[in-house]
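Structure record follows, encoded as structure tokens.
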Amino acid sequence: MTDDRQPGLRSMFDLVGDLPRQMLESAGLAGLDRIAAAPPVPGKRAILCGMGGSAIAGDLVQPLLEAGSCSLTVWRDYGLPGWCDGGDLVIASSYSGNTEETLSGVEAALARGCPVVAVSSGGALTELAGSHDFPVVTLPGDLPPRASLGYGLGALVRILGHLGVVVSADLKIAAAARWLEAAAGHRGPGIPPAGPDPDGWPDCADLAADLAGRLPVIFTAGEEAHAAGLRLKAQLNENGKSPALLAEFPELDHNDLVGWEPGTVAPTDCRLIVLDSGPDPEGRLGLRVRTTLDLLAGQFPEPTVLRPAGDQPLARIMSLVQYGDFLSCHLAARRGLDPVPVERIERLKRVLARGSQPRESGRRPEES
């Protein structure tokens, strides 16, 4: 239950619940009409430059890409990959419009002659779009970037739809949003919603109680689960103010499996969450997941296994995403924390803006 003395907590719960509404309202975002009228022509490659909550949409859309149409690489760094050339489309995603890594990618794209599309609420990125005459899809402002996912994801899917990379983009978004609305749990007055509530999924508040004071370990299996796991880790970090570990099947069977040797970590110190969207539970991937969990029995308490619900890929992906978003809010509530502030990130940005390094003494940069 939220505390009325913590308006940030109530606000974040509301924003997570707004996810399907944001997805639907993304159809009316300014700038989409320009892309629909004259879409930039991609080759066989597109690069999405972004960080944090502005980049995750690029991972979430991977299962929606039409086979053979175009690859989409999510670039979380300065500049652009060396292989990127003037035939590649660059999609610059920065909610604030001032993310320095993303801006450096745009500068590199312009220098190489790449077509550019921006997704932003304003800032320097929108100014660059105006001065270099490339399209910008404008997101509503004054939100925490991680809480604008519905708008950012909707914008990206619609952009890719205009490019022919995602088929029936508008219908996919509408169907996923309607599914989330229909599946949302309603637990009574004053009780935060738990999000989609498929059979077999634990109540978010109960799972958050298990996570409190423990290290969340997230394993993902299947294409629909990988990006949802990345989002869950980030939300536990930012909203829940908790560290978290993330690993993917089948790669984790080649390294992490050995790292969890008995005696390395006390079983009570961690909590394992498995996001499993494997298309064939009886196939090779399903066998790997079952065998791995058997081999790790005793290393963790009984793992929580979440399998996405929904009648099409985007709905299935977003069922995991919204559940994880609510879970991170419940963890903040359990710990008595406000999920909205990200003070260390802001301190880092201030240091970078000054062009100086933080001192090693432990003093806060703003005290220097």
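Readers should treat all values here as calculations from the given coordinates under stated rules, not as data from a laboratory. All figures in this text were calculated on a predicted structure; none of them were measured in a lab. A quick note on method: Cβ atoms are made from the backbone with ideal geometry, for glycine too, and the neighbour counts reach across all protein chains shown.
Odds and ends about this structure:
- Cross-link partners of Lys44 among lysines (Cα-Cα below 28 Å; sequence separation of 8 or more within a chain): Lys172
- The ranking of Thr126, Thr102, Thr268, Thr220 from fewest to most other beta carbons within 10 Å of each one's beta carbon is Thr268, Thr126, Thr220, Thr102.
- Among Asp142, Asp85, the order by Cβ neighbours within 10 angstrom, fewest to most, reads Asp142, Asp85.
- Counted as membrane-span-like here are DSSP H helices of the chain whose alpha-carbon atoms extend 27 Å or more along the helix's own axis and whose Kyte-Doolittle mean is -1.0 or above; these are 313-335.
- If R0 is taken as 30 Å, the Cβ-Cβ distance between Glu25 and Leu215 corresponds to a FRET efficiency of 0.25.
- Along the chain, the exposed loop sites are chymotrypsin sites (Phe, Trp or Tyr not before Pro) outside DSSP states H, G, I, E and B with at most 15 other Cβ atoms within 10 Å, and the longest stretch free of them is 84-368.
- Taking a ≥ b ≥ c as the square roots of the eigenvalues of the Cα gyration tensor, region 186-335 is classed as oblate, since a/c reaches at least 1.5 and a/b does not exceed b/c.
- Exposed loop sites here mean GluC sites (Glu not before Pro) with a DSSP loop assignment and at most 15 other beta-carbon atoms within 10 Å; the chain contains its longest site-free run at 67-281.
- Coarse-grained scattering of the chain at q = 0.13 Å⁻¹, given as base-10 log I(q)/I(0) from a Debye sum over alpha-carbon atoms: -1.10
- Rounded, prolate or oblate (a/c below 1.5 giving rounded, otherwise prolate when a/b exceeds b/c) for region 94-172 by Cα gyration tensor: oblate
- Distance (nanometres) between label positions extended 7 Å along Cα→Cβ at Arg350 and Ala266: 3.7 nm
- Net charge of Cβ neighbours under 11 Å - reference Ala27; Lys, Arg +1; Asp, Glu -1: -2
- For the pair Ala175 and Ala37, the difference between a 0.36 nm per residue extended length and the Cα-Cα distance amounts to 47.2 nm.
- Rounded FRET efficiency, nearest 0.05, which uses the C-beta distance separating Ala67 from Ala111 and R0 of 30 Å: 0.40
- Straight-line cross-link partners of Lys349 among the lysines, defined as a Cα under 29 Å from its Cα and at least 8 positions apart when in the same chain: Lys233, Lys241.
- Per-residue ellipticity at 222 nm computed for the chain from its helices equals -13000 deg cm²/dmol, with DSSP H segments shorter than 4 residues left out and the rest contributing -39,500 (n - 2.57).
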